[in-house]
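Structure first, then comments.
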Amino acid sequence: MRFVIIGAGRVGLRTARVLREEGHEVTLIEPDETMVRRAREQGFTVVVGDGSQEQILEDAGVGDADALGALTGDLNVNFTACMIANHYGCRTIMRIDEAYREGIYRKYAAEVDEVIYPERLGAIGAKNALLGGTIRAIADIAQNLQIVELTITHDAPVNGYTISELQLPADATVLAFGKRDEELAIPDEDLSLEDGDRLVVLADFDVLSDVRQLLVGETPGRAAANAGAGGVN
Amino acid sequence: MVTAFVMIKANTGEADRLRDSIESIEGVESAHIVAGDVDIIAKARVETPAAVKEIAATNIQGISGVESTQTYIAMD
């Protein structure tokens, strides 16, 4: 696919790199000379200029791009670029600078297909590292909905059960399962849950501590405390 | 008459509530949720410059969820 990324800073350049590694074609737009040089040294095509100008976007090939990522730190530039790109029929992704704005742009910015707040993802990573071991937050799906990967421990109440015997609270669903040291896969009902196996679960925040207690075997107090730290908002 | 534009920076996602509260202030003609580094722009039309200050500094900044305001007085 073809992508236009505005902003060759930390977020933009890294995104461009990941897309290129996956075989996609990326053009960057960046006004700052130092950043332009750095991106070009890494072999990227860079259009020098302001990404909120239609001419610059055209030069970068917005006309035949599949999607545009407006990833600068400047909200005005990002929003204007999305408006123009939307007009050209591009899918649009806008970076925002403060958490509270996520909801506002999701609701009101009709020109923007998706809003991203990079700090949220950074916080998920930091939280996982801090909690360590048995529980890893993968993504926040909605305000109250999270995907977590849990590692079954020896003390877990469900240790030794099969997946079909596993009874999670109503607002939780198993998405994937992996035996110790094996890849995650769609859960097979007959497999048993044992120390070191991993389950990926989609759960409402309200039941997250119950899920943790069942699968990881945390004490109720510790599970509740961890559930409180569940969100990354 | 004095016309003024007040740029409002919020610190809450409840943009609807802020806009509605701002619009209900006497002297505020309209308020819009906008894209960019401010979240809402309100237009006020009042009798005196002092009334503009009253709207921006007292009424709008008194709403919870408003972080700061910046006021521009129209000259035409």
Contour minus end-to-end for A:Asp171 and A:Leu121, with contour as 0.36 nm per residue of separation and end-to-end as the Cα-Cα distance?
15.6 nm
Please find, in a Gaussian network model of chain B (springs between Cα atoms separated by less than 10 Å), the residue of B:Ile40, B:Ile63, B:Ile55 whose mean-square fluctuation is greatest.
B:Ile63
For the protein assembly as shown, what does the alpha-carbon gyration tensor say about shape, rounded, prolate or oblate, given a ≥ b ≥ c as the root eigenvalues, a/c under 1.5 as rounded, and a/b over b/c as prolate?
oblate
Of the convex hull drawn through the C-alpha atoms of chain B, the volume per residue in Å³ is 78
Once you've got the GNM for chain A with C-alpha springs shorter than 10 Å, pick whichever of A:Ala142, A:Ala203, A:Ala126 has the biggest mean-square fluctuation.
A:Ala142
Any chance you could tell me what percent of the C-alpha pair distances in the range A:1-117 go past 22 Å?
24
Dipole of the range A:21-116 [Lys/Arg +1, Asp/Glu -1 at C-beta], most positive-end residue of A:Thr72, A:Val115, A:Tyr88
A:Val115
Listing B:Met1, A:Met83 by rising number of other beta-carbon atoms within 10 angstrom, fewest first, gives B:Met1, A:Met83
In peptide A:97-108, what is the residue-averaged number of other protein chain Cβ atoms found within 10 Å of each Cβ?
5
Suppose every K and R has +1 on its Cβ and every D and E has -1 on its Cβ; what is the size of the dipole of chain A about the Cα centre, in Debye to the nearest 20?
620
Summing +1 for each Lys or Arg and -1 for each Asp or Glu, what net charge is found among the other residues whose Cβ lies under 12 Å from the Cβ of A:Gly178?
-4
Net lengthening on full extension, B:Asp20/B:Thr48 (0.36 nm per residue, minus Cα-Cα)
7.7 nm
Using the 10 angstrom Cβ neighbour count as an exposure proxy, how do B:Asp76, A:Asp204 rank, fewest first?
B:Asp76, A:Asp204
Sequence gap of 8 or more, or different chains, plus Cα separation below 25 Å: how many lysine pairs satisfy both in the protein assembly as shown?
6
Evaluated over the range A:89-157, the Cα radius of gyration and Dmax, each in Å
15.8, 54
Within the under-11-Å Cβ sphere about A:Gly63, not counting A:Gly63, Lys/Arg +1 and Asp/Glu -1 give a net charge of -3
Could you work out the helix-only [θ] at 222 nm for chain A, with each DSSP H run of four or more residues adding -39,500 (n - 2.57) and the total divided by the number of residues, to the nearest 500 deg cm²/dmol?
-10500 deg cm²/dmol
Could you please rank B:Ile41, A:Ile186, placing first whichever residue has the fewest other Cβ atoms within 10 Å of its Cβ?
A:Ile186, B:Ile41
For peptide A:72-84, the mean count of other chain Cβ atoms within 10 Å per residue Cβ is 2
In the protein assembly as shown, what percentage of the DSSP-assigned beta bridges are antiparallel, given to the nearest 5?
65
Using the Cβ atoms and a cut-off under 9 Å, what net charge is assigned to the surroundings of A:Met94, where Lys and Arg are +1 and Asp and Glu are -1?
-2
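Bear in mind these aren't lab numbers, they're just calculated from the coordinates by the rules spelled out. Treat the numbers as computed from the prediction; the structure is a model and nothing was measured. Using ideal geometry, Cβ is built from the backbone for each residue, glycine included, and neighbour counts are taken over all protein chains shown.
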